[in-house]
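Below is one structure; the comments refer to it alone.
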Amino acid sequence: DKKRYGILWMGTEELAASFDMEGAFNDIAIKLMPSANEDEVIRQLDLLTEPYGSLGAYGRDQQVSSRFVDEEIKQLRGMALISSMIFLGVAAFLLNVVLTRLINTQREQIASLKAFGYSRREVAVHYLWFALIIVASGLLMGLWFGHWLGGALTRMYTEFYKFPVIVYELSPSIIVTAILVSGVAGSLAVIYAVWRAASLQPAEAMRPEPPATFRRTLVERFGLGRWLAASTRMMLRQLERRPLKSMLSVFGIAMAVGILVMGNFGKDAVDHLIDFQMDFTQRQDVTVSFVEPRQERALREVAKLPSVLYQEGFRSVPCRMRSGHRSYLLGLTGMPARPQLTRMVKADAAVMDPPISDGVIVSKKLGEILYVQPGDTVEVEVLEGRRPHFTTRIEAFIEDYIGLAAYMNIGAVNRLMREGATVSGAHLQIDSNQADSLYRKLREVPLVAAVSIQKAAIESFQETFGENMLRMRLFNVLFACVIAFGVVYNNARIAISERSRELATLRVIGFRRSELSAMLVGEMTLLTLFAIPLGWGIGKGFALLIVASAHT
């Protein structure tokens, strides 16, 4: 948040001289050799620096900035895999439809070629090369568009994460993979159509394709046909005569709907996170953190500040929680007996109070990391003050979408820290009409280390993610439109091409153009209506796959 957050850089010698601490340091960053054992290095570092008050070393995977980037890469990898599967599937279907229609319209030419001595293999190779030319043309266009899109996404992430330098490169391995996957998908898409073309006997190919077998539709067999117009009955018969083609058309349109659902999943997830975490769980307006723990009477001073309606103290200490050989660094927060502002919420939205005993309530994800369940015990190593070690019982799991947390009764934390009633800060509910006066007053208080404004955090979060979400949704909408257009357009062209004689006959016996148009449009409308609910389910499945891939 550029408006409220900043970092001041200063030369080491000048800063050390200002505090009379030449040669001192309080943080160290270490780069390991590729063959190094990170866990062993961390163990040795902790042994080396423990006499000097070290809070413990930790790997890059536990740095907040690295976790953000890693999780984003996981999500992108999942979306890339799912999107590729969708587009390859739909493209293969469309290619199969186009080649099948082409072969049906060239039956007589195929018969003539075979009559003049062309073999099955030569006919098959001819149509296979035709399909591969289409695949190659699409591949070249796709590589160019993918290269442009990759550069655009790289620039977007460079701006979002404030990377100093990040260069986009289209590696040869990606090009080779794209060629192989596209070639295999294209070959599989046309193999049946090519086999049909090569298998046609000259005498059979010279004859027009036999008409579909006539039978009453399911609606007519139930006796509802007399309530339908003639054009409607013909429309239903056409769809039922070729069930596989109708099902594939429905599936293609449903894929487009699924992409739209998947594209809106990100925005819905962020909205749910804000509603749950900021409105239901963390309901404070302002959080004030002290430079160092203060006696509980500091809360009475906070309550006297302008616009403060209600205050709620908390005691937070850094700790390392262990279960067997597994451990995790996090903050242990002590809460009052019945917190009203920052609440602990279970998966079923039930609100919990901190345990009366020395038990601890932890995030469900933390339980998965430590492989523990409610009722199990964990070892807690506090990294502040006298750095006590103690064993406690996990009372319950809570849902926590922003980071991992552990909560205890504030009295238990004070007792385990061997201190009196102390607090690390306070959550405040304020009168927004007088908020400016409160912020001015807090700037003057030297013991206040940080002030977190809930409304500003939400606005910054929405502004930061909003632009990226808007761009990703735009791409998803464009991709969905391309898929839907391709499926609908090809079906319409095929329907007109295959039924040209039938449509001409209907015109001769008195059908108007508007009736024929309504019949053709009605077929696509029915297919679309069937595809929409299926697309909802497909989109939900894609969203679950993205969550699962990011979770792992």
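The values are calculated or read from the model by the stated rules, or taken from the named source; none is laboratory data. All figures in this text were calculated on a predicted structure; none of them were measured in a lab. Please note: Cβ atoms are built from the backbone with ideal geometry, for glycine as well, and neighbour counts cover all protein chains shown. Quick note on the areas: whole protein, heavy atoms, side chains included, nothing else; ligands and nucleic acids left out. Shrake-Rupley method; radii C 1.70, N 1.55, O 1.52, S 1.80 Å.
In region 375-477, the ratio of gyration radius to Kirkwood radius, Rg to Rh, stands at 1.09 when only Cα atoms are counted.
Using equal-weight Cα scatterers in the Debye expression, the normalised intensity of region 473-552 in log10 at q = 0.24 Å⁻¹ is -1.17.
Ignoring ligands, DNA and RNA, please state the percent of accessible area on region 427-552 from carbon and sulfur, probe 1.4 Å. Carbon and sulfur atoms account for 64 percent of the accessible area of region 427-552.
Highest first, please rank the peptides 150-156, 482-488, 34-40 by the mean number of other Cβ atoms sitting within 10 Å of their residues. Let's see the in-between values first.
Numbers: 150-156: 14.0, 482-488: 19.3, 34-40: 9.1.
Listed from highest to lowest mean packing, they are 482-488, 150-156, 34-40.
Shape annotation for region 248-305: C-alpha extents along the principal axes are 71, 20, 13 Å, from largest to smallest.
Suppose only helical runs count, i.e. DSSP H with n ≥ 4. What mean residue ellipticity at 222 nm does that imply for the chain under -39500 (n - 2.57) per run, divided by all residues and rounded to the nearest 500 deg cm²/dmol? Walk me through the numbers on the way to the answer.
Values: 17 runs with 315 residues, N = 552.
Value at 222 nm, helices only: -19500 deg cm²/dmol.
About its Cα centre, the dipole of the chain is roughly 3280 debye, where the only charges are +1 on Lys and Arg Cβ and -1 on Asp and Glu Cβ. Label-to-label distance for E50 and N264 is 5.6 nm, based on points extended 7 Å past Cα in the beta-carbon direction. Sticking with the crude label model, points 7 Å out along Cα→Cβ, report the distance from Q340 to L545 in nm, one decimal please. Output for this residue pair reads 4.9 nm. Both radii come from the Cα set of region 376-430: Rg as radius of gyration, Rh as Kirkwood radius; their ratio Rg/Rh reads 0.99. At full extension, L180 and E381 could sit 67.0 nm farther apart than now, given 0.36 nm per residue minus the alpha carbon distance.
Working out 0.36 nm times the residue gap between E22 and M247, then minus their Cα-Cα distance, what length gain in nm do you get to one decimal?
On the way: separation 225, 0.36 × 225 = 81.00 nm, distance 7.61 nm.
Taking 0.36 nm per residue and subtracting the Cα distance, the gain is 73.4 nm.
In this calculation the C-beta distance from H126 to S497 is compared with R0 = 22 Å, giving a FRET efficiency of 0.60. In the assembled protein chains, F290 presents an accessible area of approximately 30 Å² (probe radius 1.4 Å). Accessible surface area normalised per residue over the chain is 61 Å², counting heavy atoms of protein chains with a 1.4 Å rolling probe. Proximity of backbone amide H atoms, modeled 1.01 Å from N, is registered between L332 and V317, C319 at under 5 Å, excluding neighbours fewer than 5 places apart on the same chain.
Largest first, the three principal axis extents of the alpha carbons in the chain are 99, 59, 45 Å in whole numbers.
Rolling a 1.4 Å probe over the protein heavy atoms leaves K267 with an accessible area of roughly 80 Å². Starting from one equal scatterer on each C-alpha and no solvent at all, send me the Debye-based log10 I(q)/I(0) for region 397-537 at q = 0.16, 0.17 Å⁻¹, two decimals. Ignoring solvent entirely, the Cα scatterers give -1.09, -1.15. The Rg/Rh ratio for region 1-138 is 1.43, where Rg is the radius of gyration of the alpha carbons and Rh is the Kirkwood radius.
Using bins of 10 Å that start at zero, the share of Cα-Cα pairs per bin across region 260-396 amounts to 10, 33, 34, 19, 5, 0, in whole %. Once the Cα-Cα distance is subtracted from the 0.36 nm per residue extended length, the Y168 to V482 segment shows a gain of 110.4 nm. Once you sort the root eigenvalues of the Cα gyration tensor of region 325-434 as a ≥ b ≥ c, which label holds: rounded (a/c under 1.5), prolate (a/b larger than b/c) or oblate (the other case)? Taking the square roots of the gyration eigenvalues as a ≥ b ≥ c, region 325-434 is oblate.
Could you sort out which of K365/K540; K346/K455; K267/K365; K31/K346 sit more than 28 Å apart by Cα distance in this structure? K31/K346, as the Cα separations exceed 28 Å there.
Heavy-atom accessible area, probed at 1.4 angstrom with all protein chains present, ranks V362, V176 as V176, V362, highest first.
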